[in-house]
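K.L.:
Could you have a look at this structure, given as structure tokens, before my questions?
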Amino acid sequence: MDIMQVLALVIPAAIYAGVPLILTALGGLFSERAGVVNIGLEGLMISGAFIGIVSTLWLEGAGVGAASPWIALIIAAIVGALFALFHAVASISFRADQIVSGVAINFLALGLAIFLTRLFFGRGQTDYIQNRIFRTNVAGLSEIPFIGPLFFSNAYVTSYVALALVFVVYYVIFYTPFGLRLRSVGEHPMAADTMGVNVNKMRYVAVMLSGAFGALGGAVFAVTVSGNFSATTIVGQGFMALAVLIFGRWNPLGVLGAGLFFGLAQALSTTGAQLPFFSEIHPVFLLIAPYVLTIIALTGFVGKNAAPKAIGKPYIKGSR
Amino acid sequence: AGNDDNGTSTGDGDGGTAETSDFTVGMVTDAGGIDDKSFNESSWNGIKDFGEKFNLTEGTNYSYVQSGSIPDFEPNLRGLVREGKELVFGVGFLMEDAMRTVASQNEDAQLAIIDMVVMNEETGEPFENVAHMTFEEHEGSFLVGVVAALESETDQVGFIGGMDSDLIKKFENGFKAGAKAVNPDIEIAVQYVGDFNDATTAQQIANTMYSQGADIIYHAAGGSGNGLITEAINRARNGENVWAIGVDQDQYEDGIYDGEKSVMLTSMVKRVDVAVADVAERTMNGDFPGGEILVYGLEENGVGIADSTQNLSDGIEDQVNEYRDSILSGDVEVPMTDEEYEEYLNGL
Amino acid sequence: MDKRNKFGKLSGLLIPIISIFLGVLIGAILMLISGYNPIVAYSALLRGIFSDSYYIGETIRAMTPLILAGLAVAFAYRTGLLNIGVEGQLIVGWLAAVYVGSALDLPMIIHLPLSILAGALAGALWGFLPGFLKARFEVHEVIVTIMMNYIALYSANAIIRAFLIVPGERTESIYPSASLQSDFLQSITDYSRLHYGFVIAILACVIMWFVLWKTKKGYELRAVGFNQHASKYAGMNVKSNVVLAMVISGAFAGVAGAMEGLGTYGYMSILSGFSGVGFDGIAVALLGANTAIGVFLSSFLFGGLQVGSLTMQQQAGVPMELVDIVIALIIFFVASSYIIRWVTNRIKKGGI
Amino acid sequence: MSYVIEMNNIRKEFPGIVANDNITLQLKEGEIHALLGENGAGKSTLMNVLFGLYQPEKGNIRVRGEDVEITDPNIANRLGIGMVHQHFMLVENFTVTENIVLGNEPTKAGRLNIRKAAKEVAEISKQYGLKVDPYAKIEDISVGMQQRVEILKTLYRGAEILIFDEPTAVLTPQEIQELIGIMKKLVAEGKSIILITHKLKEIMSVCDRCTVIRRGRGIGTVDVKTSSEAKLAEMMVGREVNFSVEKTPAEPKETVLKIENVTMKNSRKVEALKGLDLEIRAGEIVGLAGVEGNGQSELIEAITGLRKVDGGHIYLNSNEITNHPPRKVTEAGVGHIPEDRHKHGLVLDFSIGENIVLQTYYNEPYSKMGILQYPKIYEKARELIDDYDVRTPSEYTEARALSGGNQQKAIIAREVDRSPDFLIAAQPTRGLDVGAIESIHTRLIKERDKGRAILLMSLELDEVLNVSDRIAVIYDGKIVDIVDADKTNEKELGLLMAGGKRQKEGEENRG
Ligand SMILES: Nc1ncnc2c1ncn2[C@@H]1O[C@H](COP(=O)(O)OP(=O)(O)OP(=O)(O)O)[C@@H](O)[C@H]1O
Ligand SMILES: Nc1ncnc2c1ncn2[C@@H]1O[C@H](COP(=O)(O)OP(=O)(O)OP(=O)(O)O)[C@@H](O)[C@H]1O
Ligand SMILES: [Mg+2]
Ligand SMILES: [Mg+2]
């Protein structure tokens, strides 16, 4: 098996394993850049996966057909934004400890999603959707030598959407007034306040965006890979997304890199067993590689002061 | 003590069931749940068939409890026993320990376990209050192995297992033996997911196998198998000529894409439903097969190849039937373990 | 900032009670909307906790690892650290305890303590690394502990698979000399899985309280937790205290794992996912205001609800996930105590 | 007479305290109006009310004769009110321009137009002579420039009324002169200014009128021309103020602390001490004068072992303590009243009692065999609370609940009670009222007379001049000069602090 074949196998797998993490981490980026810790990403992903599947099923039932999962993605993002309001209200208005509130979100999302699943379907998992978002070859581009098989063959369109979103988010965060304000709120809310930026409003918007993106991440995973929803659809990906966010130093491009890195490690851990060289490594080392490498990377090269300064603290007007 | 009443009190709810029997049967699923498209579902279908046949009410006479994870098995089994269910099924070999504990604590209970023989360590015999239901999966797997080898155009096939265990090894070795019987040079990729409920990993494994040239993959991975089907559909939609082989039930429906086509070449059916209904009926009639090791093989129609044959090439069924006959006649001894498989290969 | 002691000890109790009430209330509303009868459901839930010695035994059994996991989180929290890695520490503790319990054959008086100690040490080791990285490289402990959870899960599974596996996807059973299981306890609770671990859990509560509040080391750990700068100024070794805090926290978690291995199961099976106990520990600790007694009480709430939810599902047909929702709401309200305090202050003012 | 701002009968409460009680302040167009009061009198609070950060419980505000309700800084901005805060409100990792335009950004097709913004910033900065580098990051520029950024922020928004909250506290005398020039220029352009400062001399030199508040109450407004420093001080405190501290001449004995050629990098890896020498003897107070950021904090960190030095030696009573860990240094006989009491001095969530034993908890009688002896600890706490007049409900009260002055007293009690040979007092009276200041000064002098060596670090030149026996001037990481406190004055110190050279005595005579 030549190197090209290995790459053609691993790279697309890395991309589609990484995309849900990247999307969710972008969500975390909004909220943490605005100063609100979001350990509830896991819960947001769960809500997205659940809504993504349920609305696809519902749309299919209504005869929408192949467009169902796409519309479902949008619905999931909207519902996710609303669901994130829990976290927003608790941690911004009610001044809850943001970590605690995030933990509550995780419990709530899983409990509610499974509760509703049982209510709607009478058992612990939903039906399978018929109209998944399937992989396709991108017409024309997949023929390009070298690049084609790696990036344009057998790919989910959602991956390109995610990639585009990375750059959109990058632009918004660093090149728009909204982004400037968002960052100022996470760095020095009082300064932002004195400059007429409505701190709490910005934070609400940021947390809701994190809900939208987190849910989108979960929904993309659900409608491309898992095809149904159950308690085991999202297990730990949200925490991984948090790691991606920190690893990516709260920067959209960093998130992209970190997400692909995790995706690659994950792809290798399953694909490796059938690849030359990797098959000689005990599978457990491939399995734990992403986590070990993250720790090493955090220790070695990722500086410590990248976190937004005001992160984790509720903003109370006039407090000193 | 208060709890013993509860089992019956739930039954008080609906009146007017004079004709129906008041036999009660319960079932504990493993983490897969009753729509895992695999043996949990199959077992439940068996109970439902039984219930319908005898006009029993779901919820009152027959019900199931879903386990979230292995630690739930024991309390769930015990819960049903405590409720006073007259027969309690534990679905899957993973329930061995839980079944052993519950069986030894409740000598009067009537229990049944699928895919396992639970030994009573004190007597060295299978538990007397448990019906031990096993299947000759290797035999059925042999047949789909034959199909795979006959249908493969690349002479490469794959097998995806759920958890690396004695039970799933039976599937693997049977399949490999069948494929080699047809084509001794065929390449067979084998990988285990490590979980019966991780479709994502299974999909990546399938992706790799297909990419490496396998065109037919058989799975014995419960819920994880859905990952294989997803991957096959993904590829088939893009015009690739790939197939999947299902397990436990006829999975033809699960492989449908583009409206009418299906990626399921065939399935190795394991008639857990028939076996479950059989044990339930015997128990209701006072013939609880406690202590017996019930074996369901080709002969008993406990395993076999699925009814859906749309995707099979002409003449395949006949060839399969020839192999079936030689297994039944004892001409072919299908290997179950790795050692037996090695021997089998040497004997080819 | 509002002053902390505004209404002192009372609020310490009032807020959890109000939160529980609100959580249960919203749970009831949810059931009504979903077409269940909340009264039937809650009474089944309560029956599933109290009605029978079996359920009481099961509740205590469920509480045992929760207490220890909660103590692990609370201990770290008191020293300014957020230990999300209890889950992983629990897994390695479980494995180590079972290994010692099944590989060695010693008299009980040595074997049992040794097995528990093995669990504690393994957990401590798993806590040491995040503590060390935090102290030495200022790597955030949250992220490292999350990573360590996965490493623990996969490594433990791989070790079992490679070295310890017996049919049934699990390790050998431990020797009775390392077991916490007790025929006596099982017989008085109608074959629940109650074991002597609860004695250890209660002991651990006392230890946590004593170490933290009565010893000079505890004083240092708390000081470092509240204010690293002042602690350094006062001559304390901040780094070694951070490491020590994580080590002790990890040891509690490791013992929680030992309870599963030596008490509830007597072996360790290959885990297809996290046990969840470690994550529940976070909630238990927060709900218990990170005090020993609080952790004990909130473990009772958690353990009871979880055990009772089985009966609720069986008898009232309400999915047991309802309990998760109620728990989430309770955490949510406890966290939002500011608003509860604000409202109660309003009511108080209005009343006077 | 028309006022641009009228704040009438303002009342603002915080939990447990009335910060502003019926205060009235009227600002005329084109004037510089001083707002004077002790620490905690409520000046910042009043200005935050005007700026929309706080909502008053009572009273009304009129801007240019019209009743307004300023519920938000946005509204204040719109009304042309700008504020330069006591603690800078700058986002450290933003550039100067980004800080200035935040909340009011020029855009081009939805995109932040930073180039245009920078150009505008450059224009205004030229217009008012406020030199800044539009593209520099805040964390990289000097305090003086940061302040100019703060001023530019208000001007960028077209502020007509500027509030300066203690702008001079952090500046060198030269920078203060510059700032005064800028303020005059602003007034000449038709702007009106409210200036908060504790420095009476500044009020006398630039302000037209002065409003005095005391303990949250308005005392009155006076014309500066017809008033005097002494009169303002009396209004402010409510009694005649003794500006100097009573003490006898020092009788220095043997050398206690000796610092030789110490070099050290600070947290930002910048060389902050560059070969510093200093000697302090028993029975004397050496004041450390310098503009913030010239190595004072680092010097203290070096002595106390909080940060490792890169070169040089530190001796205490002839024993080397260079790079010893803080505990060793403490045990060797160094006491330290830290500059930042919340960061270093106290564990705010601990009780007063627990804080009292912060350095000694591990010794008998407070600890036996690893177990804390709480009765002994609280006994000690009670004793010190009485001795040092710490006003607290009890020794079990959390330190957080005490007022700043009382927190400081608790720290001083703790440090002095250990009777160290050498005591560092860093900004010991920051944020305290005159009563507390007086008692602390007396306490320091008493310790001196007992034969302790004391290093007093303060940004208040008055304090340094009044309490010290000798004054060491620190500039750019070195002690550039040491002068006798009674042979120098504020002007000379100011010059030295800015890096100037003292004229030789002979030259001075000639000049
Ligand atoms: N956010 C707040 N919460 C509670 N009390 C406050 C708050 N802000 C100020 N105070 C209190 O109000 C009083 C007035 O404070 P303010 O900051 O206005 O004083 P100031 O005159 O500006 O003092 P300084 O000269 O120290 O700047 C003080 O007692 C202070 O402790
Ligand atoms: N942010 C705050 N939140 C709550 N209370 C505060 C806050 N800031 C100050 N206080 C309270 O306001 C009062 C005055 O605080 P401050 O620190 O200004 O004291 P001070 O005026 O400097 O003290 P002293 O009069 O003793 O010199 C204290 O009772 C303090 O507890
Ligand atoms: Mg004050
Ligand atoms: Mg002020």
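K.L.:
Under 5 Å between amide H atoms, partner at least 5 residues away or on a different chain: which partners does D:ILE471 have, H built in plane at 1.01 Å?
P.N.:
D:GLY287, D:VAL483, D:ASP484, D:ALA485
K.L.:
Per-residue Cβ counts within 10 Å, from other chains only, averaged over C:214-226: what number is that?
P.N.:
What the average comes to for C:214-226 is 5.
K.L.:
Let me ask something else about it. Average partner chain C-beta neighbours within 10 Å, per residue of C:136-146?
P.N.:
Whole-number average of other-chain Cβ neighbours for C:136-146 is 5.
K.L.:
Right, something else. Tell me, what HN-Hα J-couplings in whole Hz come from the Karplus equation 6.51 cos²θ - 1.76 cosθ + 1.60 at θ = phi - 60° for each residue of the stretch B:57-71, using x for Gly and Pro?
P.N.:
In residue order, the calculated couplings are 9, 5, x, 8, 8, 9, 7, 10, 10, 8, 8, x, 7, 3, x Hz.
K.L.:
Another question, then. Identify the residues of the stretch D:21-47 with backbone N under 20 Å of a label point that sits 7 angstrom from the Cα of D:ARG214 along the Cα-to-Cβ direction, or state none.
P.N.:
Hits in the stretch D:21-47 for D:ARG214 at 20 Å: D:21-26, D:34-46.
K.L.:
For chain A, what are the DSSP H helices with axial Cα length of 24 Å or more and mean Kyte-Doolittle hydropathy of at least 1.0?
P.N.:
Qualifying helices, which must be both long enough and hydrophobic enough, are A:3-33, A:41-61, A:98-121, A:157-175, A:199-221, A:252-271, A:283-300.
K.L.:
From the residues D:LEU444, D:ILE352, D:ALA159, which one has its Cα farthest along the dipole of chain D in the positive direction, the dipole being from +1 and -1 charges on Cβ of Lys/Arg and Asp/Glu about the Cα centre?
P.N.:
D:ALA159
K.L.:
If packing is taken as the average count of other Cβ atoms within 10 Å, what order do A:6-16, A:147-157 fall into, highest mean first?
P.N.:
Most protected by this proxy first, the peptides run A:6-16, A:147-157.
K.L.:
How big is chain B in terms of Cα radius of gyration and Dmax, in angstroms?
P.N.:
20.8, 65
K.L.:
Evaluate the stretch D:79-171: find the radius of gyration of its Cα atoms, find its Kirkwood radius, and give the ratio Rg to Rh.
P.N.:
Ratio value, two decimals: 0.95.
K.L.:
By per-residue mean of other Cβ atoms within 10 Å, what is the highest-first order of A:56-68, C:254-266?
P.N.:
Answer by packing, highest mean first, reads C:254-266, A:56-68.
K.L.:
On a 0 to 90 degree scale, rounded to 10, what angle separates helix D:143-156 from the longest Cα axis of chain D?
P.N.:
Helix D:143-156 and the main axis of chain D meet at about 20 degrees.
K.L.:
Which of B:VAL117, B:ASN311, B:PHE175 sits farthest toward the positive end of the charge dipole of chain B, with +1 on the Cβ of Lys and Arg and -1 on the Cβ of Asp and Glu?
P.N.:
Most positive-ward Cα: B:ASN311.
K.L.:
Which GluC sites (Glu not before Pro) in the stretch C:74-147 pass both tests, a DSSP loop state and at most 16 other beta-carbon atoms within 10 Å?
P.N.:
Counting only loop positions with at most 16 other Cβ atoms within 10 Å, the GluC sites (Glu not before Pro) in the stretch C:74-147 are C:GLU138.
K.L.:
Hey, can you grab everything whose amide H is under 5 Å from the amide H of D:SER367? Only 5+ residues off in sequence or another chain; H modelled, so Pro and N-termini drop out.
P.N.:
Answer set, sorted by chain and number: D:GLN373.
K.L.:
While we're on this one: From zero outward in steps of 10 Å, how is the percent of C-alpha pairs of the protein assembly as shown spread across the bins?
P.N.:
For the protein assembly as shown, the pair-distance distribution reads 1, 7, 13, 18, 18, 14, 10, 8, 6, 3, 1, 0, 0.
K.L.:
Right, here's the next one. Could you state the number of Å between the C-alpha centres of the stretch B:82-149 and the stretch D:332-401?
P.N.:
67 Å
K.L.:
Give me the angle, in degrees from 0 to 90, between the Cα long axis of helix D:404-417 and the longest principal axis of the Cα atoms of chain D, rounded to the nearest 10.
P.N.:
20 degrees
K.L.:
Right, here's the next one. Which value, in Å³ per residue, describes the convex hull spanned by the Cα atoms of the stretch D:3-237?
P.N.:
125 Å³
K.L.:
Please work out the C-alpha center-to-center distance from the stretch C:238-295 to the stretch B:193-207 and express it in whole Å.
P.N.:
Centre-to-centre (Cα) distance: 30 Å.
K.L.:
Take every residue in peptide B:28-37, count the Cβ atoms of other chains within 10 Å of its Cβ, and give the average of those counts.
P.N.:
Across the residues of B:28-37, the mean count of other-chain Cβ atoms within 10 Å is 4.
K.L.:
Under a point spin-label approximation (7 Å from Cα along Cα-to-Cβ), what is the D:ARG327-D:SER142 distance to one decimal in nm?
P.N.:
Going from the D:ARG327 label point to the D:SER142 one covers 4.2 nm.
K.L.:
What is the distance in Å between the Cα centres of the stretch D:424-474 and the stretch C:92-161?
P.N.:
That distance is 54 Å.
K.L.:
Using a 10 Å cut-off around each Cβ, can you sort D:MET497, B:MET99 from fewest to most neighbouring Cβ atoms?
P.N.:
D:MET497, B:MET99
K.L.:
Rank C:LEU133, C:VAL40, C:PHE252 by how far each Cα sits towards the positive end of the charge dipole of the stretch C:14-335 (+1 on Lys, Arg Cβ; -1 on Asp, Glu Cβ) and give me just the farthest.
P.N.:
C:LEU133
K.L.:
Right, another one. At most 15 other Cβ atoms within 10 Å and a DSSP loop assignment: could you name the GluC sites (Glu not before Pro) in the stretch D:165-219 that fit?
P.N.:
Passing both the DSSP loop test and the Cβ count: D:GLU189.
K.L.:
Please give the charge dipole size of the protein assembly as shown, origin at the Cα centre, charges +1 on K and R Cβ atoms and -1 on D and E Cβ atoms. Round to the nearest 20 debye.
P.N.:
10200 debye
K.L.:
Label 7 Å along Cα→Cβ of D:GLN174; the stretch D:115-152 residues with amide nitrogen under 17 Å?
P.N.:
Under 17 Å, as judged by backbone N against the label point of D:GLN174, lie D:130-132, D:142-148 of the stretch D:115-152.
K.L.:
What are the principal axis extents of the Cα atoms in the stretch C:197-352, in Å, biggest first?
P.N.:
Sorted largest first, the three principal extents are 60, 59, 27 Å.
K.L.:
Also, I was wondering about something else. Given H placed 1.01 Å from N in the peptide plane, which residues other than close sequence neighbours of D:LYS12 have an amide H under 5 Å from its amide H?
P.N.:
When sequence neighbours closer than 5 places are left aside, the close amide H contacts are D:ALA19, D:ASN20, D:ASP21, D:ASN22, D:GLU57.
K.L.:
Translational diffusion coefficient of the stretch D:340-419 at 10 °C, 1.306 mPa s, Stokes-Einstein with Kirkwood Rh over Cα pairs, in µm²/s as a whole number.
P.N.:
So the translational diffusion coefficient is about 129 µm²/s.
K.L.:
In chain B, which helices (entire DSSP H runs) extend 20 Å or more along their own long axis, judged by Cα positions, while averaging at least -1.0 on the Kyte-Doolittle scale?
P.N.:
B:137-151, B:166-182
K.L.:
Follow-up. Would you kindly derive the ³J(HN,Hα) couplings of the stretch C:111-117 from the backbone phi angles with the Karplus curve 6.51 cos²θ - 1.76 cosθ + 1.60 (θ = phi - 60°), listing them in order in whole Hz, with x for Gly and Pro?
P.N.:
So the Karplus estimates, Gly and Pro as x, are 5, 4, x, 5, 5, 5, 4 Hz.
K.L.:
HN-Hα J couplings of the stretch D:44-60 from phi, Karplus 6.51/-1.76/1.60, θ = phi - 60°, integer Hz, Gly and Pro as x?
P.N.:
Once rounded to whole Hz, the list reads 4, 4, 4, 6, 5, 5, 5, 8, x, 7, 10, 9, x, 6, 9, x, 9.
K.L.:
Can you sort C:ARG61, D:ARG239, A:ARG33 from fewest to most other Cβ atoms within 10 Å of each residue's own Cβ?
P.N.:
D:ARG239, C:ARG61, A:ARG33
K.L.:
Using r as the Cβ-Cβ distance of D:LYS265 and C:LEU14, and R0 as 51 Å, what FRET efficiency do you calculate, to the nearest 0.05?
P.N.:
0.50
Every number in this text was worked out from the coordinates using simple rules, so none of it is lab data. Remember, predicted model here, so these are calculated numbers, not experimental data. Cβ sites come from the backbone with ideal geometry, for glycine too, and all protein chains shown count toward neighbours.
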